[in-house]
Every structure is written in C-alpha cells, then in structure tokens.
Amino acid sequence: VLALNEKIKQAGEKIFASNGKKVDFASALQSCEEAGGTLATPMNEDENKAILGVVKQYNQYAYLGIKEGKTAGQFKYMSGMPLNYTKWHQYEPNGKGTEKCVEMYTDGSWKDRKCNLYRLTVCEF
C-alpha cells in the first residue's frame, strides 16, 4: 500500500491510478478495462485536479476517456454522453475531425490529439 500511496488520487467516488506505461489510446483503454476500470474521465474540476495529480507525478501527458463523436469538434464520454465539463487549452479543440482523442497537459488543460501517440495510461475505478 505504501508504494502506491503517492500514485493513487481520489475524487468523490472515483479513484485514479496509473501503471506508469505510455501506450496508444486503444491499449490504454484496454489495460484500464482489464484492471476493472476505464480511462480517467474528469466529470468536474475536482476529478480533473485528481487526474492532474497523477499526470504531474509522472510528468507525462495522459489520454482521457473522451473521444470525438461523428460530428467533427463534438467530443463525448466513452459512454456516448455529451461532455458536461471541459477544460480545453486555449484554441482547442482544433483537430476538426483528424484528432479524435483527448490528452491532458501537465497544467490540467486538454488538447485533442491523434489516438496513435504514446501517452500515460491513467485509469479510474
């Protein structure tokens, strides 16, 4: 437990953790689901800050559990529900259909990105 103490962040009912691995979006999602969770998906400022805590520990950008829907520029939760909270970096999202995944910067803001880049895996449980 002590070894994980600094690596786990909690916000409300959710717990966020990382295995420290950098992989593409599909692999990150798969490893979170295999662990019994899903990709970290901030639904409010507290959750965004908790995920940011993990991101800062590893000093790596991380994929979030948010993807672009069928309409370019419209991002949704993995469940297909529309976003009810966002923290886009200035001038983001700007991929216009070419960047379907979302990453978190080390300042907690978001950017749309291609899904084949290697980013930190952060899961929520």
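The values are calculated or read from the model by the stated rules, or taken from the named source; none is laboratory data. Computed from a prediction, not measured in an experiment: that's the story for all the values here. Heads up, the Cβs are rebuilt from the backbone with ideal geometry, glycines too, and the neighbour counts pull from every protein chain shown. Accessible surface is based on the protein model in full, side chains and every heavy atom, while ligands, DNA and RNA are left aside. Shrake-Rupley method; radii C 1.70, N 1.55, O 1.52, S 1.80 Å.
Summary table below
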read-out: PHE125 vs. criteria over 25 Å from LYS7 (Cα atoms) and surrounded by 15 or more Cβ atoms within 10 Å (Cβ to Cβ); value: no
read-out: Selection count, the stretch 37-66, where residues are β-branched (Val, Ile, Thr), open to solvent by less than 30 Å² (accessible area, probe 1.4 Å) and in contact (Cβ under 8 Å) with a residue 60 or more places away in the chain; value: 4
read-out: Hits in the stretch 75-110 (condition: of a type outside the set (Gly, Ala, Ser), surrounded by fewer than 15 Cβ atoms within 10 Å (Cβ to Cβ) and more than 15 Å from PRO42 (Cα to Cα)); value: GLN90, TYR91, ASN94, LYS96, THR98
read-out: Criterion (small (Gly, Ala, Ser), under 16 Å from TRP88 (Cα atoms) and within 14 Å of the chain's Cα centre (by Cα)) met by exactly one of GLY53, GLY37, GLY65; value: GLY65
read-out: Criterion (closer than 15 Å to LYS114 by Cα and among the small types (Gly, Ala, Ser)) met by exactly one of ALA50, ALA26; value: ALA26
read-out: Pairs, first in a strand (DSSP E or B) in the stretch 76-99, second open to solvent by 80 Å² or more (accessible area, probe 1.4 Å), C-beta under 6 Å, six or more apart; value: LYS76/PRO82
read-out: Any pair with Cβ under 7 angstrom, 6 or more apart, that starts in the stretch 10-36 at a residue that is open to solvent by 30 Å² or more (accessible area, probe 1.4 Å) and ends at one that is basic (Lys, Arg); value: LYS22/ARG119
